[in-house]
Amino acid sequence: MTMQDAMHHFHPGPEMGRELRGALSRFGTGVTIVTTGTEAGPVGITANSFSSVSLDPPLVLWSASRNSRRYPFFSEAEHMAIHVLADGQMPLCRAFAASPHAFDQAEWAANEQGVPLLEGCLARFECERYAEYDGGDHAIIVARVLKASVRQGLPLLFYGGQ
């Protein structure tokens, strides 16, 4: 067994948060931007905690940090859109990670419910709230897909914190 093959074992807990985050980063994930319309204007957030749940009914989920200042907007939102980013959209990913109002860096238009729809993504899911569940320091938001859009291309992926 080489050093590269050796496994590092630990028991997750508050003092092992960095190690747990590092272990979780070994799973490559796609990157999304979730958007919603608010009385204060459009809001977006970068999220890689996205997954399909059900085909019948069509349900997806994503997780939002309860510590995020953006969380209340999404916790209260009846409608939202989840955008699966393409490999060339890293600047957009970073922009929405830094600011909930990075819409000046993207082409977008609002749908009938006032939800901002970003252009250029690989897939987009226009959704309505279905349920929200406790997920520790995150909320698990389940949404019913009302409309989906898709195009060909390569995805933007996170792996190992990159």
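The values are calculated or read from the model by the stated rules, or taken from the named source; none is laboratory data. Owing to the predicted nature of the structure, the values given are computational and were not obtained by experimental measurement. Neighbour counts run over all protein chains shown; Cβ positions are idealised from the backbone, glycine included.
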**Asked** Inside the range 152-162, can you point out the residues that are surrounded by 13 or more Cβ atoms within 10 Å (Cβ to Cβ) and in a loop (DSSP other than H, G, I, E, B)?
**Response** Gly153, Leu156
**Message:** Being surrounded by 11 or more Cβ atoms within 10 Å (Cβ to Cβ) and charged (D, E, K, R) is the filter here; which residues of the range 120-150 pass it?
**Reply:** Arg124, Glu126, Glu128, Arg129, Glu132, Arg144, Lys147
**Request:** Determine the pairs where a residue that is at positive phi and part of a strand (DSSP E or B), located within the range 55-82, has a partner that is among the charged types (D, E, K, R) and surrounded by fewer than 17 Cβ atoms within 10 Å (Cβ to Cβ) with Cβ atoms under 9 Å apart, the partner being 6 or more residues away or on another chain.
**Result:** none
**Prompt:** If you take the residues in the range 44-74 that are under 17 Å from Pro155 (Cβ atoms) and of a type in the set (Gly, Ala, Ser), which one is farthest from the chain's Cα centre (by Cα)?
**Reply:** Ser52
**Item:** Looking only at the range 28-43, and only at residues there that are part of a loop (DSSP other than H, G, I, E, B) and over 15 Å from the mean Cα position of the chain (by Cα), the one that is surrounded by the most Cβ atoms within 10 Å (Cβ to Cβ)
**Value:** Ala40
**Fill in**
Ser149 meets each of (1) part of a strand (DSSP E or B); (2) more than 20 Å from Thr29 (Cβ to Cβ); (3) without any contact (Cβ under 8 Å) to a residue 12 or more places away in the chain with one exception, condition (3)
**Complete:** Residue set Ser51, Ser25; condition modelled with pLDDT under 95 and in contact with a Gly (Cβ under 7 Å, 6 or more places away or on another chain); output residue Ser25
**Request:** Confirm whether Met7 is aliphatic (A, V, I, L, M) and in contact (Cβ under 8 Å) with a residue 60 or more places away in the chain.
**Result:** no
**Message:** Any residue in the range 109-122 that is on the phi > 0 side of the Ramachandran plot sitting within a Cβ distance under 7 Å of a residue that is at pLDDT 95 or above and not in a loop (DSSP other than H, G, I, E, B)? List the pairs, counting only those 6 or more apart or interchain.
**Reply:** Gly114/Gly37; Gly120/Ala86
**Asked** Is the range 138-159 home to any residue that is in contact with a His (Cβ under 8 Å, 6 or more places away or on another chain) and within 20 Å of Ala40 (Cβ to Cβ)?
**Response** no
**Message:** Here is a list: Glu19, Glu15, Glu78. Which entry is closer than 17 Å to Leu117 by Cα and surrounded by fewer than 19 Cβ atoms within 10 Å (Cβ to Cβ)?
**Reply:** Glu78
